[in-house]
1. Among the candidates ILE186, ILE210, single out the residue that is surrounded by 22 or more Cβ atoms within 10 Å (Cβ to Cβ) and touching a Ser or Thr at 6+ places or on another chain (Cβ under 7 Å).
2. If you take the residues of segment 121-130 that are among the charged types (D, E, K, R) and in a loop (DSSP other than H, G, I, E, B), which of them is least open to solvent (accessible area, probe 1.4 Å)?
3. For segment 99-114, which positions are within 24 Å of ILE210 (Cβ to Cβ) and among the polar types (S, T, N, Q)?
4. Anything in segment 208-233 that is part of a loop (DSSP other than H, G, I, E, B) and in contact with a Phe, Trp or Tyr (Cβ under 9 Å, 6 or more places away or on another chain)? List them, or say none.
5. Can ARG202 be described as touching a helix residue (DSSP H, G or I) at 6+ places or on another chain (Cβ under 6 Å) and at positive phi?
6. Which ones in segment 134-158 are within 22 Å of ARG202 (Cβ to Cβ) and crowded, with 17+ Cβ neighbours inside 10 Å?
7. Check MET195 against each of (1) touching a strand residue (DSSP E or B) at 6+ places or on another chain (Cβ under 7 Å); (2) in a loop (DSSP other than H, G, I, E, B) and name the one condition it does not meet.
8. Can you name the condition, by its number, that GLU161 falls short on among (1) part of a loop (DSSP other than H, G, I, E, B); (2) under 26 Å from GLN101 (Cβ atoms); (3) open to solvent by 30 Å² or more (accessible area, probe 1.4 Å)?
Amino acid sequence: MSIVNLSAYRFVPLDDLPALRERLRERAEALALKGTVLLAPEGINLFLAGPPEATGAFMDWLREDPRFAGLEAKASPSDDAPFGRLRVRLKKEIITLRQPQLRPIEGRAPAVDATTLARWLDQGHDDDGREVVLLDTRNAYETDVGKFPQAVDYRIARFTEFPEALAADRARYEGKTVVSYCTGGIRCEKAALYMQAQGMERVFQLEGGILKYFEETGGAHWQGDCFVFDDRGAVDPTLAPAPPTDAATP
């Protein structure tokens with residue numbers, strides 16, 4: 001497979017958005033990359049595809065900005081770029097939750113890495129002996145493609161519905177360890193921060209989301225594939241494009 005698909009985000013204060021948008025667009029166009037870059041006062045969220053040398057050059061260039069130094073990208077292969085064009089857009093939030101009191105740029109929620117979560121699932125509890133509840137923060141059409149089968153799935157149509165769904169179900173999580181997860185980490189990070197702000201304890205995000213979990217564990221305990229927001233439709237636990245399914249899409 002000759003194309004590398006990058007997924008990366010970072011919550012970091014950005015105050016030069018129009019100028020940054022133009023710099024990013026110019027560099028991505030010069031490297032013939034396709035995909036989407038979202039910029040907001042709270043940070044960056046990108047999905048880009050191109051040959052390995054081009055995606056590598058873009059990330060090296062981006063990391064020269066101290067705000068993005070050390071930014072890690074999750075990579076998956078495909079034969080063709082799954083995007084038709086390049087878009088660099090300014091948004092109010094890089095992932096929309098509409099909870100303005102929440103400020104991810106002020107600090108991350110605790111995270112659990114993929115291998116630790118797989119071990120917790122193997123042993124049936126976390127390292128303190130607590131029951132682990134997995135919480136899928138994605139939309140229903142994504143969970144239809146694949147998920148942890150034991151996970152809480154609120155069947156939401158959009159991420160902005162998450163706070164209301166959680167409020168109606170708080171008792172479920174009392175005395176337990178909660179691990180929120182999503183495709184690449186951005187939604188489960190914001191969800192974990194929101195749960196913390198609501199006074200919930202023992203809340204973690206899955207570091208790097210499902211894509212990193214696939215990369216590090218091969219999809220242990222997972223059922224199905226992982227929906228992605230591009231022309232591939234989904235990737236399997238090897239991170240290769242999955243065969244088409246009949247699952248509903250937006």
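The values are calculated or read from the model by the stated rules, or taken from the named source; none is laboratory data. The structure displayed is predicted, hence computed values, not measured ones. Cβ placement follows ideal geometry from the backbone for every residue including glycine, while neighbour counts extend to all protein chains displayed. The area values use the complete protein model at the heavy-atom level, side chains included, leaving out ligands, DNA and RNA. Shrake-Rupley method; radii C 1.70, N 1.55, O 1.52, S 1.80 Å.
1. On the way: ILE186 fails: touching a Ser or Thr at 6+ places or on another chain (Cβ under 7 Å).
Of ILE186, ILE210, the one residue that is surrounded by 22 or more Cβ atoms within 10 Å (Cβ to Cβ) and touching a Ser or Thr at 6+ places or on another chain (Cβ under 7 Å) is ILE210.
2. Residues of segment 121-130 among the charged types (D, E, K, R): 122, 126-128, 130.
Within this subset, residues satisfying the condition of being in a loop (DSSP other than H, G, I, E, B) are 126-128, 130.
Details: ASP126: 1, ASP127: 92, ASP128: 112, ARG130: 86 Å².
So the residue we want is ASP126.
3. Of everything in segment 99-114, just one residue is within 24 Å of ILE210 (Cβ to Cβ) and among the polar types (S, T, N, Q), namely GLN99.
4. Going through segment 208-233, the residues part of a loop (DSSP other than H, G, I, E, B) turn out to be 208, 218-222, 225, 228-233.
GLY219, ALA220, HIS221, TRP222, VAL228, PHE229, ASP230, ASP231, GLY233, listed by residue number.
5. Values: touching a helix residue (DSSP H, G or I) at 6+ places or on another chain (Cβ under 6 Å): no; at positive phi: yes.
No: the conditions fail for ARG202.
6. LEU134, LEU135, ASP136, THR137, ARG138, LYS147, PHE148, ALA151, VAL152, ASP153, TYR154
7. Tallying (1) touching a strand residue (DSSP E or B) at 6+ places or on another chain (Cβ under 7 Å); (2) in a loop (DSSP other than H, G, I, E, B), MET195 fails exactly one: (2).
8. Going through (1) part of a loop (DSSP other than H, G, I, E, B); (2) under 26 Å from GLN101 (Cβ atoms); (3) open to solvent by 30 Å² or more (accessible area, probe 1.4 Å) one by one, GLU161 breaks only (1).
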